[in-house]
Amino acid sequence: MNIMVFIKQVPDTETKIKIADDGKSIVEDGINWIVSPYDEFAIEEAVKTKENLGGEVVVVTMGPKRAEQALRTALAMGCDKAIHLEDAAFEGADAYSTAKALAKVVEKYNPDLMFFGKQGVGNDNTQVGQLVAEMVGVGHIGTCIKLEIDGDTIRGEREIEGGRETIETKLPAIVTAQRGLNEPRYPNLRGIMKAKKKPLEKLTPADLGLSEDEVGLNGAKTVYVSLELPPARQAGKKIEVEPEVAAKEIVEFLKNEAKVL
Amino acid sequence: MILVFADQRNGNLKKASKEAISEGKRLATSLSLPLGVVVLGSGAKGVVDEIKNYGADKVFVSETPDAYSPDLYSEGVAKIAKENGAKIVLFPGTSMCVDFAPRVSAKLEAGLVTDITATDLKDGKLVVKKPVYSGKAIATVEYKSDIAMATLRPNVFELAENAGAGEVVEFSVDGEPKAKAIKVEMKEAGKVELTEATIIVSGGRGVKGPEYFQNELQQLADLLGAAVGASRAAVDAGWIDHSHQVGQTGKVVSPKVYMAFGISGAIQHLAGMGTSQYIIAVNKDPDAPIFNVASLGVVADLFKVVPALIEELKKVKG
Ligand SMILES: Cc1cc2nc3c(=O)[nH]c(=O)nc-3n(C[C@H](O)[C@H](O)[C@H](O)COP(=O)(O)OP(=O)(O)OC[C@H]3O[C@@H](n4cnc5c(N)ncnc54)[C@H](O)[C@@H]3O)c2cc1C
Ligand SMILES: Nc1ncnc2c1ncn2[C@@H]1O[C@H](COP(=O)(O)O)[C@@H](O)[C@H]1O
């Protein structure tokens with residue numbers, strides 16, 4: 001089975017966000033970059049599937065030079081090869097132009113099964129996996145928490161409001177990983193050493209048959225025009241009283257302030 | 001036309017769908033454009049009248065496909081959008097819409113912004129706001145495509161009943177689905193859905209075990225008509241199912257009142273409930289970060305406050 005997993009490097013969720021002078025991006029100095037947490041579930045599922053069914057896992061990212069570190073992490077977790085879409089023209093991409101480039105990678109290598117995270121934390125688009133599925137014309141199972149592969153049929157469970165549904169599709173297909181799908185392994189020292197020797201291929205827009213107008217900011221359908229800090233939440237009243245008094249205060253609040261009683 | 005997709009299952013129109021239609025109507029009125037609503041799947045016909053109450057000029061209804069299919073649903077919506085020259089296409093931010101709206105965006109080659117919390121119009125074009133970086137920043141986003149698409153964070157946009165022409169157009173979505181739902185299991189029928197709840201009663205590590213969720217917090221939620229939420233620490237401990245988790249890796253909620261019991265208020269938790277209108281926190285640690293965002297902070301032992309609160313509510317409710 002030829003498996004491909006797509007990952008994004010994002011700021012650690014603990015990172016303090018500072019808005020840059022341009023008023024629409026964040027200051028990157030001092031950010032600790034990590035593999036987006038959902039992508040770890042995607043990597044784990046890809047590697048697990050290979051271990052069960054045989055084949056090879058190729059990990060793909062589009063991003064600046066620093067994103068190579070994310071690829072090395074994925075290789076250390078058991079992926080076999082890496083592809084890095086790295087070029088100045090890819091910068092400023094939105095979900096759409098990201099998917100456009102990734103779809104070309106899919107068309108070039110024709111994997112049987114592709115894993116994405118449900119969402120790249122930070123921008124939280126929650127779109128790229130489904131966009132690629134539509135662009136390359138395959139079915140997808142979104143926010144998957146349990147996956148079953150049965151020949152060329154795959155079934156995945158996902159949470160819906162108040163319950164669960166099972167989606168069935170045929171290979172080739174895309175799965176986007178939700179928390180619950182598995183427990184991602186930690187890369188061990190041996191994995192990290194081996195990762196250093198695994199192949200890492202770089203691709204530019206031209207390598208993918210894309211013009212510079214189709215990728216990055218040029219190819220984007222949406223643009224951030226500004227970034228602001230959220231309105232500071234005013235901490236309200238803080239009380240330290242007997243439980244019975246506290247209970248009365250809460251009920252008063254629900255009645256008079258929030259008006260929900 | 002402004003087009004809104006209405007999420008319904010078996011004839012139950014989601015509250016978030018009504019919010020999206022209400023917002024679509026506001027934009028349609030500002031732009032002097034008609035409002036179209038598209039509704040699909042078995043049960044669709046049953047919600048047409050309800051949709052009309054929110055000001056739809058046209059309701060495009062198809063009882064096909066019978067089961068949810070991301071590719072067929074997107075085909076249905078894209079077809080209606082194209083045939084009617086839709087300029088803006090809105091979706092409620094439900095699990096279904098978040099799943100298939102990107103496919104519509106690819107079909108229409110239109111920009112899509114998910115999880116928006118506000119809209120604006122600039123020179124007749126849509127501009128939206130969206131929380132990013134765990135709610136630590138708010139992005140203002142414009143579109144470069146002719147068609148602008150968005151999914152709306154549930155519980156943020158106000159409901160507004162309105163009059164509209166209410167013309168009903170039936171159509172069908174045919175073809176072989178690439179992917180489709182083969183089984184749906186409703187576990188929590190009758191319970192208040194977390195993302196749609198007006199009040200959420202949420203517990204964290206401070207609650208100390210599954211029993212407190214099942215008994216006291218559930219009892220409190222029942223008294224308030226609230227849904228039960230949880231922090232990741234409580235979910236990871238196995239005290240409550242992941243479907244109740246609020247936060248970055250759980251659900252994003254925006255209730256009128258969020259009540260946090262024994263939750264410290266980590267940034268990843270705040271990412272999921274920071275846009276709640278009122279936050280009530282009960283925590284025994286006076287320095288817990290949750291107090292920085294609480295409209296009402298109670299420094300106390302939750303095991304003493306919750307029973308007292310249950311008693312007090314029983315009194316008030318008679
Ligand atoms: C990538 C990533 C994603 C994450 N996603 C999420 C997410 O989606 N949701 C989420 O919630 N977290 C998430 N987290 C975890 C988050 O960082 C915190 O660890 C978690 O929210 C802590 O849960 P808690 O507040 O219940 O527990 P704690 O931080 O341990 O807080 C427990 C609180 O209970 C109080 N307490 C204890 N006993 C009592 C008592 N008797 N009466 C009153 N108060 C009491 C304590 O004072 C303390 O403040 C994520 C973390 C990472 C790294
Ligand atoms: N730049 C990127 N390179 C590779 N994969 C990506 C990139 N951006 C997003 N993805 C994948 O798409 C998923 C959803 O991302 P998003 O739609 O941005 O929230 C991520 O979890 C990744 O699997």
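Just tell me which aspartates and glutamates come within less than 20 Å, Cα to Cα, of B:LYS45; anything on the same chain fewer than 8 places away is out.
B:ASP7, B:GLU19, B:ASP57, B:GLU63, B:ASP66, B:GLU75, B:GLU161, B:GLU167, B:GLU170, B:ASP174
Say the dipole of the protein assembly as shown comes from +1 at the beta carbon of Lys and Arg and -1 at that of Asp and Glu; which of B:GLY250, A:ILE7, B:TRP239 then lies farthest toward its positive end?
B:TRP239
Using the Cα gyration tensor of chain A, with a ≥ b ≥ c the square roots of its eigenvalues, what is the shape: rounded (a/c below 1.5), prolate (a/b larger than b/c) or oblate (neither)? Present the calculation step by step, with values, prior to reporting the outcome.
Details: a/c = 1.93, a/b = 1.50, b/c = 1.29.
Note, shape of chain A comes out prolate.
Just flag the GluC sites (Glu not before Pro) in region B:146-188 sitting in loop per DSSP whose Cβ has no more than 15 other Cβ atoms within 10 Å.
Here the sparse-neighbourhood loop sites are B:GLU158, B:GLU161.
Pick out which of A:GLU161, A:GLU212, A:GLU228 has the largest mean-square fluctuation in a Gaussian network model of chain A, springs linking Cα atoms closer than 10 Å.
Judging by the Gaussian network model, the answer is A:GLU161.
Calculate the length of the line joining the C-alpha centroid of region A:151-203 to that of region B:20-51, in whole Å.
Cα centroid of region A:151-203 versus Cα centroid of region B:20-51: 37 Å apart.
Nearest 10 degrees, 0 to 90: what angle lies between the long axis of helix A:37-53 and the longest principal axis of chain A (Cα atoms)?
On a 0 to 90 degree scale, this one is about 40.
Rounded to the nearest 0.05, what FRET efficiency do A:LYS238 and B:LYS125 have when you use their Cβ-Cβ distance and R0 = 35 Å? Please report the intermediate quantities before stating the final value.
Numbers: r = 44 Å, r/R0 = 1.26.
After rounding to 0.05, the efficiency reads 0.20.
Near B:ALA308, within a Cβ-to-Cβ distance under 12 Å, what is the net charge of the other residues, with Lys and Arg +1 and Asp and Glu -1?
Combined, the nearby Lys, Arg, Asp and Glu give -3.
DSSP H helices in chain B with Cα extent of 18 Å or more along the helix axis and mean Kyte-Doolittle hydropathy at least 0.0?
B:95-108, B:302-317
In a GNM of chain B with a 10 Å cut-off on Cα contacts, which of B:ILE51, B:ILE280, B:ILE21 has the highest mean-square fluctuation?
B:ILE280
Pairs B:LYS130/B:LYS256; A:LYS16/B:LYS191; B:LYS58/B:LYS129; A:LYS146/B:LYS129; A:LYS16/B:LYS180: which exceed 30 Å Cα-Cα?
In this structure, A:LYS16/B:LYS191; A:LYS146/B:LYS129; A:LYS16/B:LYS180 lie more than 30 Å apart at Cα.
Could you grab the relative contact order for region A:78-149? Cα pairs under 8 Å, six or more apart, rounded to a whole percent.
On the way: 37 pairs, mean separation 21.5, N = 72.
Over region A:78-149, the number comes to 30 percent.
Would you give the gap between the C-alpha center of region A:226-256 and the C-alpha center of region B:131-173, rounded to a whole Å?
What the calculation gives is 31 Å, centre to centre.
Please state the charge dipole magnitude for region B:9-134, taken about the Cα centre, from unit charges on C-beta atoms (+1 on K and R, -1 on D and E), reported in debye and rounded to the nearest 20.
Dipole about the Cα centre, nearest 20: 280 debye.
Which value, in debye to the nearest 20, describes the size of the charge dipole of region A:69-161 about its Cα centre when Lys and Arg Cβ atoms bear +1, Asp and Glu Cβ atoms bear -1, and nothing else is charged? The partial results should precede the final answer.
Numbers: 9 positive and 15 negative charges, 38 e Å.
In debye, rounded to 20, region A:69-161 gives about 180.
With chain A treated as a Gaussian network of Cα nodes joined by springs under 10 Å, which of A:GLU14, A:GLU56, A:GLU107 yields the largest mean-square fluctuation?
A:GLU14
Apply the Karplus curve 6.51 cos²θ - 1.76 cosθ + 1.60, θ = phi - 60°, to the phi angles in region A:204-209 and return the couplings in whole Hz, x for Gly and Pro.
With the stated coefficients, region A:204-209 comes to 10, x, 4, 4, 9, x Hz.
Once amide H atoms are placed 1.01 Å from N in the peptide plane, what residues at a sequence separation of 5 or more from B:GLY55, or on another chain, have their amide H within under 5 Å of its amide H?
The list, which skips near neighbours in sequence, is B:ASN162, B:GLY164.
State the Cα centre-to-centre distance between region B:229-276 and region B:302-317 in whole Å.
A separation of 22 Å, based on Cα centres.
Which of B:VAL207, B:ALA197, B:THR119 sits farthest toward the positive end of the charge dipole of region B:102-230, with +1 on the Cβ of Lys and Arg and -1 on the Cβ of Asp and Glu?
Farthest towards the positive pole: B:VAL207.
What is the sum of charges around A:ARG66, taking Lys and Arg as +1, Asp and Glu as -1, for the other residues whose C-beta is under 15 Å from the C-beta of A:ARG66?
-3
Which shape class, rounded, prolate or oblate, goes with the protein assembly as shown when its Cα gyration tensor gives a ≥ b ≥ c as root eigenvalues, a/c under 1.5 marks rounded, and past that a/b bigger than b/c marks prolate?
oblate
Can you spot the lysines whose alpha carbon is less than 22 Å from B:LYS284's alpha carbon? Ignore those fewer than 8 places along the same chain.
A:LYS237, A:LYS238, A:LYS248, B:LYS208, B:LYS304
Just want the ordering: A:GLU242, A:GLU183, B:GLU50, from fewest to most Cβ atoms lying within 10 Å of their own Cβ.
A:GLU183, A:GLU242, B:GLU50
Kindly put A:VAL223, B:VAL253, B:VAL48 in sequence by how many other C-beta atoms sit within 10 Å of each C-beta, fewest to most.
With the fewest neighbours first, A:VAL223, B:VAL253, B:VAL48 line up as A:VAL223, B:VAL48, B:VAL253.
Under a Cβ-only charge scheme (Lys and Arg +1, Asp and Glu -1), can you give me the dipole magnitude of the protein assembly as shown about the Cα centre, in debye to the nearest 20?
Value, rounded to 20: 640 debye.
Do any trypsin sites (Lys or Arg not before Pro) in region A:118-195 lie in a DSSP loop with no more than 16 other beta carbon atoms within 10 Å, and if so, which?
Sparse-neighbourhood loop trypsin sites (Lys or Arg not before Pro): A:ARG185.
Loop only by DSSP, 14 or fewer other Cβ within 10 Å of the Cβ. Give me the trypsin sites (Lys or Arg not before Pro) in region B:122-222 that pass, ordered by residue number.
Passing sites in region B:122-222 are B:LYS187.
Going by amide H atoms built from the backbone, whose H comes under 5 Å of the H on B:TYR68, apart from near neighbours?
B:ALA181
Grab the other residues whose beta carbon is less than 13 angstrom from that of B:SER172, score K and R as +1, D and E as -1, and report the net.
With Lys, Arg at +1 and Asp, Glu at -1, the neighbours total -3.
Please give the contour-minus-distance gain from B:ASP174 to B:LYS317: 0.36 nm per residue of separation, less the Cα-Cα distance, rounded to one decimal in nm. Write down the numbers at each step before the final one.
On the way: separation 143, 0.36 × 143 = 51.48 nm, distance 5.17 nm.
Full extension from B:ASP174 to B:LYS317 adds 46.3 nm.
Antiparallel as a % of all DSSP beta bridges within the protein assembly as shown, to the nearest 5?
Working: 44 of 120 bridges.
So the antiparallel bridges in the protein assembly as shown amount to around 35 percent.
Mind giving me the nanometre distance, one decimal, between the label points for A:ASN188 and A:ALA88, set 7 Å out from Cα along Cα→Cβ?
4.5 nm
To make sure I understand the rule: partners must be lysines, Cα under 22 Å from the Cα of A:LYS202, and not fewer than 8 residues away in the same chain. Which ones qualify?
Leaving aside lysines fewer than 8 places away in the same chain, those within reach of A:LYS202 are A:LYS8, A:LYS65, A:LYS81, A:LYS100, A:LYS104, A:LYS108, A:LYS194.
Please give the helix A:95-109 orientation as an angle from the longest Cα principal axis of chain A, in degrees from 0 to 90, rounded to the nearest 10.
30 degrees
What is the average number of partner chain Cβ atoms found within 10 Å of a Cβ in B:206-216?
Taking the mean over all residues of the peptide, I get 0.
Averaged across B:278-286, how many Cβ atoms of other chains sit within 10 Å of each residue's Cβ atom? Intermediate results must be reported in sequence, preceding the final value.
Details: counts 7, 3, 7, 3, 4, 0, 1, 0, 2.
Average neighbour count from other chains, rounded to a whole number: 3.
Quick one: B:THR151, A:THR204, A:THR15, fewest Cβ neighbours within 10 Å first, how do they rank? Each step should come with its number before you reach the end.
Working: B:THR151 26, A:THR204 15, A:THR15 20.
Ordered by Cβ neighbours within 10 Å, fewest first: A:THR204, A:THR15, B:THR151.
List the residues of region A:163-189 whose backbone N lies under 17 Å from a point placed 7 Å from the Cα of A:LYS198 along the Cα-to-Cβ direction.
A:184-189
Calculate, for A:ASN218 and B:THR29, the FRET efficiency according to 1/(1 + (r/R0)^6) with r their C-beta to C-beta distance and R0 41 Å; round to the nearest 0.05.
Rounded to the nearest 0.05, the efficiency is 0.75.
Since every read-out is calculated from the coordinates, none of them should be taken as a lab result. Every value quoted in this text rests on a predicted model; they were computed, and no experiment measured them. Cβ: placed from backbone, ideal geometry, glycine included. Neighbour counts: every protein chain shown.
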